[in-house]
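Some notes on the structure that comes next.
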Amino acid sequence: MTEASDIPIRVRPEIAALPPYKQGRQAGDDAFKLSSNENPFEPLPGVLEAVQAATALNRYPDASAARLRERLAERFGVDIDSIHIGAGSVSILAQLVLATSGPGDEVIYAWRSFEAYPWLVVVAGATAVQVPLTADARHDFAAMTDAITDRTRAIIVCSPNNPTGPVVTQAEFDQFVAAVPADVLVILDEAYAEFVTDPDSVDGLREPGGTGRPNVVVLRTFSKAFGLAGLRVGYAVGHPRILDAARSASIPLSVTAQAEEAALASLAAEAELLERVRTIADRRDCLAEGLREVGWRVPAAQGNFVWLPAGDESREIAAAFEGAGLIVRPFAGDGIRISVGEEESVEKVLRIAASVVKDLPEGHSGRGLA
Ligand SMILES: *Cc1c(COP(=O)(O)O)cnc(C)c1O
């Protein structure tokens, strides 16, 4: 933690108190990087060519990424003004929080969830209201409904939940949104939507035209399923006036022409890319099942990652994985998230997981019932 007194200028105290950003560890050549939920497949050849063709580096990009918006509007049966593109969906999250919530306002989200949420709320100067997950690592919508006050300005729902894995069901989501005041923004963060195989899952873009709820904005990204994490491109689908507000809170021209071209080329190759997504989802199911068989209590896994509730042992166990050339993501005191990576990584993960679970004390939260 940075001490405010270390900073040579005056900084907002809540910013000074933030821990410096730490990215998932970069892997050496012989290690598998399973710490950032990246796609192990490289982009398809057409995607690389599209990026290489976008050579006007001396020119600013199209400010609204209109071609990509048009393509996505067609794809999801919405008006072009109902689509907003950002440099990653995290940047759109930041815009939405900034546009809705300032000092004295509250932003509700489940916890543990995506690490960016608390940080975005602090930067906006708003107050985070964290609602603990249920024992099976799912959103607790009864408690989230109870947490709504006159101060609530935005609520973030993450499905599948990063880092724990379970989805929010469509029925849960619909019931929850019906209980949220109509002037409070609900952000449905579906960064891993393409990996979902549970038919009961919420899907903000299932119906043409979106959710039909003016206060719900759906976020998706090209970073995970489409394998473009390095290019930074994501999108929001929602009410045009809410998206205008997000745009007003954005840093202009952040989405590069290369990112837009890559996204367009990826959508053109969608069938082929989704084939790979299915491969990753199958690999995820094998991994989760294998972990349960060796004795871990793994919650439903619907993203491209699995969760080990390793509790106080998280750091030590992550170090054991690392010692075996597997870079995983520990959340101290809580658990370990392991991304579904290259095929050859699976057997290695299972081998280490089997050896470390034996050392967990009787009654530990990570121990399966078997
Ligand atoms: C990865 C991720 C995102 C988006 O990442 P971008 O690369 O900024 O598009 C958003 N939400 C969650 C929960 C994520 O895990």
Notebook entry, point to check: Within segment 290-308, is there a residue that is in contact with a Ser or Thr (Cβ under 7 Å, 6 or more places away or on another chain), of a type in the set (A, V, I, L, M) and open to solvent by 10 Å² or more (accessible area, probe 1.4 Å)?
Noted result: no
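Residues checked against (1) under 24 Å from SER266 (Cα atoms); (2) within 13 Å of the ligand (Cβ to nearest atom):
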position	(1), (2)
PHE32	no, no
PHE41	yes, no
GLU74	yes, no
VAL78	yes, no
ILE85	yes, yes
SER113	no, yes
THR127	no, no
GLN130	no, no
Notebook entry, point to check: When residues of segment 174-184 are filtered for being open to solvent by less than 10 Å² (accessible area, probe 1.4 Å) and either within 21 Å of the chain's Cα centre (by Cα) or basic (Lys, Arg) (or both), how many remain?
Noted result: 2
Next item on the list: Can you tell me which residue among GLU270, GLU261 is within 14 Å of ARG71 (Cβ to Cβ), more than 19 Å from the chain's Cα centre (by Cα), free of Cβ contacts under 8 Å to residues at least 40 places away in the same chain and more than 16 Å from the ligand (Cβ to nearest atom)?
Entry: GLU270
Note to self: Yes or no: segment 210-222 includes at least one residue that is open to solvent by 10 Å² or more (accessible area, probe 1.4 Å) and within 16 Å of the ligand (Cβ to nearest atom).
What the structure shows: yes
Note to self: Condition check: assigned to a helix (DSSP H, G or I) and in contact with a strand residue (DSSP E or B) (Cβ under 6 Å, 6 or more places away or on another chain). Does LEU243 satisfy that?
What the structure shows: yes
Margin query: When the residues of segment 223-242 are narrowed to those that are within 16 Å of ILE156 (Cα to Cα) and out of contact with any Gly (no Cβ under 6 Å at 6 or more places or on another chain), which ends up nearest to the ligand (Cβ to nearest atom)?
Written below: TYR235
Item checked: Number of positions in segment 76-105 that are within 21 Å of ALA128 (Cβ to Cβ) and either touching a Leu at 6+ places or on another chain (Cβ under 7 Å) or among the charged types (D, E, K, R) (or both) -> 8
Item checked: Matching residues, segment 120-142, being of a type in the set (Val, Ile, Thr) and open to solvent by 20 Å² or more (accessible area, probe 1.4 Å) -> VAL122, VAL123, THR127, VAL129, THR134
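The values are calculated or read from the model by the stated rules, or taken from the named source; none is laboratory data. Note that this is a predicted model, so its numbers are computed, not measured. Counting neighbours? That spans all protein chains shown, and the Cβs are built from the backbone with ideal geometry, glycine included. All accessible areas refer to the heavy atoms of the entire protein, side chains included, with ligands and DNA or RNA removed. Shrake-Rupley method; radii C 1.70, N 1.55, O 1.52, S 1.80 Å.
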